[in-house]
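Derivation of every value follows stated rules applied to the coordinates shown; laboratory data play no part. Computed from a predicted model, the values in this text were never measured in an experiment. Every residue, glycine as well, gets a Cβ built from its backbone with ideal geometry; the counts of neighbours run over all protein chains shown.
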Amino acid sequence: MYRKPLPVVILLCLACATGGCARLPPATPAAPRVATEPAARGVLADVEKVVRAREPADTSGFALLDSNDEGLRWRLALIDAAAHSLDLQYYLWLGDASGELLLERVIAAAERGVAVRIIVDDLSTMLADETHIVIRDRLAAILDSHPNIEFRLFNAWQERSLPGRLFDSVTHAERVNQRMHNKLLIADNRAAIIGGRNLGDHYFGLSREFNFRDLDVIGIGPVARQASGVFDRFWNSRWVTPAAALGIDVDASELARQRQAMASRLARVAVLEHFPLERQDWREALLMLGAEMHTGSSTVHSDSPDEGELDHHMPEAIRTLLASARNEVLIINAYVIPGEHALARIRAAIGAGVRYRLLTNSLASHDVPAVNAHYKQWRERLIDSGVEVHEMRPDAAIRRSTADTAPVEAEFMGLHAKAMAIDGERVLIGSMNLDPRSWGINSEMGVVIESPGLARALAALIVRDLAPENSWRVTRDADGGLRWIAGADVHMEQPARDFWQRIEDIVFMAFPPDLY
């Protein structure tokens, strides 16, 4: 999730006060395309052989990417190792240090002959960083002009100027409100990274304001082909628009100039000092990873971009997974607004002997206080239903090891991960928050993995995050009031970073919970 740059009312006033708008011309539907067969040669083919030597052909190898440093480093590794194809699908791809570093490496892959397909939500073309709203249609067109790069936008605004987009957002609110929240990278149809991280500094520990505690899984093997099936459904749907349809004339030299400017900026960015700015040889590291991975079977789930609407399959996948629990459910999820039906199912499971532990954001760790304004109305009911509720501390001890990436030390840490560990046997890792927007508006995805080794590893990470040095346990006291307890640190009202957060927490109660 990314904080909104300006309130909608202000943006609408700006739209109404501004002149004409550039409009997206009618697009000719692109010919259907699917992912190419897995590369027969290359580092990733060799890594899959290592995994397959340990387990049957229908299983994959998996490793958790717990720290933000790992999240960026292994994405660079897959991009650099790709021999013939790269597919990237992201909600946000920001124009900050890490966003530009990844983009430069993707372009370098295309330069050496790798076929690159990119889908980003059209929201990405408006956001550069926390302080600027920039429409980056020209960059999309420049990238798409490369013979080995195809760039497509999900749910594109028909009006392309900033005022036009804002007007489109109001006059066609239901359509515009449906965003693609998926996060997916596939290399050579043999390796995939699936999880919660967008592409930007907050998600890789490089922001000095705040960084997220986030989570991905890297998979080698059949899971990559399953993920390609999801990518292809979006790529060939009417929800995406090729960048060529933007109608922007691009000079053949523009990409070279863009790369030169990016290289100059990246060379001056101190926060990237521990990351190579040019392509590296990751063979040894990847082969070692393949030998150490947890193995298991997988199913990649996703909402579908069907004709005229998004078909939401993820809620049923989550309900089925939770219904399989017999002993324990561990949930880590950034944005939780459960609803009556979900609460009833949880209450029934706890009554049948299943232990539920939940870690979510506190008001103090939140990047979107508006979500907390609605979550807090369910907090007591979750506790009364038997859920052990924990809320992340902004000063968590794990901040240095998981959220911040050296040399950065951010002002606070927030939670952005979305994962579940069930009975020490299976896990879900993906993009889906447990709130109305993810449940019925955005497109979401995730992977369910049957692997006791991976499930135990994820459970250990979540239990670590539940410790008092990392989160508050929220309980009732003898009088029925709430207490936030972390060892000797006890609060009688929900912790907040400042007074303004408490004001936001009240004001946003007046807005719909699916707005954020």
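A few remarks follow.
- Separation in nanometres of the label points that stand 7 Å from Cα toward Cβ, at residue 36 and residue 232: 1.5 nm
- Cβ-derived FRET efficiency at R0 45 Å, residue 344 paired with residue 58, nearest 0.05: 0.80
- Value at 222 nm in deg cm²/dmol, rounded to 500, when DSSP H runs of n ≥ 4 in the chain each add -39,500 (n - 2.57): -10500 deg cm²/dmol
- Along principal axes, Cα extents of the chain, largest first, whole Å: 72, 64, 46
- Computed over neighbours whose Cβ is under 14 Å from that of residue 294, the net charge equals -2, Lys and Arg +1, Asp and Glu -1.
- Projected area, mean over directions - segment 384-511, Cα convex hull, nm²: 10.7 nm²
- Per-pair calculated FRET efficiency, R0 = 45 Å: residue 355 and residue 284 via Cβ, rounded to 0.05: 0.60
- Long hydrophobic helices in the chain, taken as whole DSSP H segments with a C-alpha length of 15 Å or more on their own axis and mean Kyte-Doolittle hydropathy at least -0.5: 43-54, 68-81, 97-111, 222-235, 340-351, 452-466.
- Close Lys-Lys pairs in the chain, where close means Cα under 23 Å and separation is 8 or more or interchain: 5
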